[in-house]
Amino acid sequence: MRILVVEDEPQLNLRIEQALEGAGFVVDVAFDGEEGLFLGETEPYDAVVLDLGLPRLDGVSVLHRWREQNRTMPVLVLTARGRWAEKAQAFDAGADDYLTKPFEMDEVIYRLRALIRRVSGHSSPEITCGPVRIDTSQGRVWVDGTAVTLTAQEYRILSYLAHHRGRVVGRSELVEHVYDRDDDRDSNVIDVLMGRIRKKLKADIITTLRGQGWRLEAGGNAP
Ligand code: CA
């Protein structure tokens, strides 16, 4: 899952980025409203952390513009304490959730995971597919009750497919959601990783559709 963080305080921006990367997300960062607006308009994100008090263009305006352009990714806004009017404006502009500064880094992670899950139609943090169980809040995977160790990138791929299971996910879409802007995007690596994931899961739940992409089969529990 790929996240955009728009926050002008360098230290806070860095702390959020590190916390999210530590939680397995890939992260792009912006330090002012214009840069954030541009990235949100041009790159596909699974969710955005958006500070409201930003130089060059305020967060509420950024959010307005995204929603006008039908950019529907979930947005978690960061507000300063006691800025009620600002918070209300943000919701009117299309915010999905908010956090008041200062906040616990873990809370950002939990809220983002919940937002991403909701958007993909899953109300439970656990996604089951045949013998495979994926706990999206812990980032853990089991096959027939036995824990399976995936690398961070293998997990990102499986998690993305699981959030969009039953639907064909194309190669370029997958690449865009499991790498950040600065990564070297060799899409052939995806095939290698997919092979490793299949081997580790030992279950045939990922279908390859030649020339189209991959689909995680929609078995198991209802979303
Ligand atoms: Ca700020």
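Things to note:
- Strands (runs of 3 or more DSSP E) fully within the range 24-94 counting 1 or more residues that are among the hydrophobic types (A, V, I, L, M, F, W, C) and open to solvent by 10 Å² or more (accessible area, probe 1.4 Å): 26-30
- Conditions (1) within 15 Å of the chain's Cα centre (by Cα); (2) over 16 Å from MET73 (Cβ atoms); number of the one not met by ARG113: (2)
Yes/no per residue for (1) free of Cβ contacts under 8 Å to residues at least 24 places away in the same chain; (2) under 16 Å from the mean Cα position of the chain (by Cα); (3) crowded, with 16+ Cβ neighbours inside 10 Å:
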{"position": "ASP180", "(1), (2), (3)": "no, yes, yes"}
{"position": "ARG185", "(1), (2), (3)": "yes, no, no"}
{"position": "ASN188", "(1), (2), (3)": "yes, no, no"}
{"position": "ASP191", "(1), (2), (3)": "yes, no, no"}
{"position": "ARG198", "(1), (2), (3)": "yes, no, no"}
{"position": "LEU201", "(1), (2), (3)": "no, no, yes"}
{"position": "GLY211", "(1), (2), (3)": "yes, no, no"}
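- Leading residue by the ranking (nearest to the ligand (Cβ to nearest atom)) among those in the range 30-88 that are over 19 Å from ASP180 (Cβ atoms) and of a type in the set (Ser, Thr, Tyr): THR79
- Matching residues, the range 1-18, being surrounded by fewer than 18 Cβ atoms within 10 Å (Cβ to Cβ) and aliphatic (A, V, I, L, M): LEU12, LEU14
- Scan of the range 191-211 for residues that are more than 17 Å from VAL178 (Cα to Cα) and out of contact with any strand residue (DSSP E or B) (no Cβ under 9 Å at 6 or more places or on another chain), ordered by number: LYS199, ASP204, ARG210, GLY211
- Counting the residues of the range 140-174 that are part of a loop (DSSP other than H, G, I, E, B) and open to solvent by 40 Å² or more (accessible area, probe 1.4 Å) gives 8.
The values are calculated or read from the model by the stated rules, or taken from the named source; none is laboratory data. Because the structure is predicted, anything quoted here is derived from the model rather than measured. As a convention, Cβ positions derive from the backbone with ideal geometry for all residues, glycine included, and neighbour counts pool all protein chains shown. These accessible areas exclude ligands, DNA and RNA; they are computed on the full protein's heavy atoms, side chains included. Shrake-Rupley method; radii C 1.70, N 1.55, O 1.52, S 1.80 Å.
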